[in-house]
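Visitor: Dumping the structure here so I can ask a few things about it.
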Amino acid sequence: MKTFKDDESSGYNTSGYNAPASSVPVPASIKLDHAAVQRMNLSELSPHVDSQFLTGDAGREPYRLLAYLSSQLPDGTPIADLGTFQGASALALSFNPQVAVKTYDIVDRRSATLNRSNISFHLRNCLECVPDLLSASLISLDLEPHNGAQEVKLMAELARLEYRGLVVCD
């Protein structure tokens, strides 16, 4: 897992892909199939994060859904994970090794030990880098505190900047 601080590059550039905000590559449709989501096997990732929730049932925990969504996206697709915490969401989103996951938090509390080449950690407040998020096809949003105030600000700014990707809120 690569780590970047505020002053380092945070551009999504994987396999020659660097989409402007107006061309976020989101599939025209993603069929959500609860049985297929539940079948997502995250057991190989579970020893690498201190979270008993990673392999929890779909509908109770978000990780199988995040892995499923990641697996539906084309190679090179940029994904943003806002609110890294221990790193479980970033790990689930990295299930598809061909996507590029950038995970953001204001405090480094990662317990994830798995070094995956498609995850980069950014010690940065996502509310201060919204324009950087516009090229992400999928944004996973799980900010603290869970009172909704930061989420409302972030969603308003994404709407103002005409973000066209998918946002999944936990």
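The values are calculated or read from the model by the stated rules, or taken from the named source; none is laboratory data. Small disclaimer: the values here were computed from a predicted structure and weren't measured. Virtual Cβ from ideal backbone geometry, glycine too; neighbours counted across all protein chains shown. Note: accessible area is taken over every heavy atom of the protein model, side chains too, but ligands, DNA and RNA are not part of it. Shrake-Rupley method; radii C 1.70, N 1.55, O 1.52, S 1.80 Å.
Visitor: For Ser135, indicate whether it is closer than 23 Å to Glu44 by Cα and polar (S, T, N, Q).
Guide: Spelling it out, it is not the case that Ser135 is closer than 23 Å to Glu44 by Cα and polar (S, T, N, Q).
Visitor: Separate question: Identify all residues within the stretch 50-63 that are within 26 Å of Ser135 (Cβ to Cβ) and either of a type outside the set (Ser, Thr, Tyr) or over 12 Å from the mean Cα position of the chain (by Cα) (or both); write none if there are none.
Guide: Of everything in the stretch 50-63, just one residue is within 26 Å of Ser135 (Cβ to Cβ) and either of a type outside the set (Ser, Thr, Tyr) or over 12 Å from the mean Cα position of the chain (by Cα) (or both), namely Pro62.
Visitor: Checking Pro97 against (1) open to solvent by 30 Å² or more (accessible area, probe 1.4 Å); (2) modelled with pLDDT under 95, which test does it fail?
Guide: (2)
Visitor: I need the full set of residues from the stretch 43-71 which are of a type in the set (A, V, I, L, M, F, W, C) and either modelled with pLDDT of 90 or more or within 17 Å of Arg116 (Cβ to Cβ) (or both), in order please.
Guide: Of everything in the stretch 43-71, those that are of a type in the set (A, V, I, L, M, F, W, C) and either modelled with pLDDT of 90 or more or within 17 Å of Arg116 (Cβ to Cβ) (or both) turn out to be Leu45, Val49, Leu54, Ala58, Leu65, Leu66, Ala67, Leu69.
Visitor: Does Ala67 satisfy being farther than 12 Å from Val37 by Cβ, buried (at least 21 other Cβ atoms within 10 Å of the Cβ) and among the hydrophobic types (A, V, I, L, M, F, W, C)? Break it down into steps so the answer makes sense when it comes.
Guide: Working: farther than 12 Å from Val37 by Cβ: no; buried (at least 21 other Cβ atoms within 10 Å of the Cβ): yes; among the hydrophobic types (A, V, I, L, M, F, W, C): yes.
Against the criterion (farther than 12 Å from Val37 by Cβ, buried (at least 21 other Cβ atoms within 10 Å of the Cβ) and among the hydrophobic types (A, V, I, L, M, F, W, C)), Ala67 does not qualify.
Visitor: Taking Asn125, is it modelled with pLDDT of 90 or more and either touching a helix residue (DSSP H, G or I) at 6+ places or on another chain (Cβ under 8 Å) or surrounded by fewer than 16 Cβ atoms within 10 Å (Cβ to Cβ) (or both)?
Guide: Working: modelled with pLDDT of 90 or more: yes; either touching a helix residue (DSSP H, G or I) at 6+ places or on another chain (Cβ under 8 Å) or surrounded by fewer than 16 Cβ atoms within 10 Å (Cβ to Cβ) (or both): yes.
Answer is yes for this residue.
Visitor: Going by the conditions given, is Leu123 more than 18 Å from Ser51 (Cα to Cα) and in contact with an Asp or Glu (Cβ under 8 Å, 6 or more places away or on another chain)? Spell out the reasoning first.
Guide: Numbers: more than 18 Å from Ser51 (Cα to Cα): yes; in contact with an Asp or Glu (Cβ under 8 Å, 6 or more places away or on another chain): yes.
Criteria met by Leu123.
Visitor: Taking the stated definitions as given, is Ser135 surrounded by fewer than 19 Cβ atoms within 10 Å (Cβ to Cβ) and hydroxyl-bearing (Ser, Thr, Tyr)?
Guide: When the stated conditions are applied, Ser135 does not pass them.
Visitor: What residue, of Gly83, Gly76, Gly87, is modelled with pLDDT under 95, buried (at least 24 other Cβ atoms within 10 Å of the Cβ) and of a type outside the set (A, V, I, L, M, F, W, C)?
Guide: Exactly one of Gly83, Gly76, Gly87 is modelled with pLDDT under 95, buried (at least 24 other Cβ atoms within 10 Å of the Cβ) and of a type outside the set (A, V, I, L, M, F, W, C), namely Gly87.
Visitor: Please indicate, with yes or no, whether at least one residue in the stretch 41-60 is under 20 Å from Leu141 (Cβ atoms), exposed (fewer than 13 other Cβ atoms within 10 Å of the Cβ) and in contact (Cβ under 8 Å) with a residue 24 or more places away in the chain.
Guide: Scanning the stretch 41-60, I find at least one residue that is under 20 Å from Leu141 (Cβ atoms), exposed (fewer than 13 other Cβ atoms within 10 Å of the Cβ) and in contact (Cβ under 8 Å) with a residue 24 or more places away in the chain, so the answer is yes.
Visitor: While we're here: Scan the stretch 111-120 and tell me whether some residue there is surrounded by fewer than 19 Cβ atoms within 10 Å (Cβ to Cβ) and either small (Gly, Ala, Ser) or farther than 23 Å from Ser51 by Cβ (or both).
Guide: Among the residues of the stretch 111-120, at least one is surrounded by fewer than 19 Cβ atoms within 10 Å (Cβ to Cβ) and either small (Gly, Ala, Ser) or farther than 23 Å from Ser51 by Cβ (or both), which makes the answer yes.
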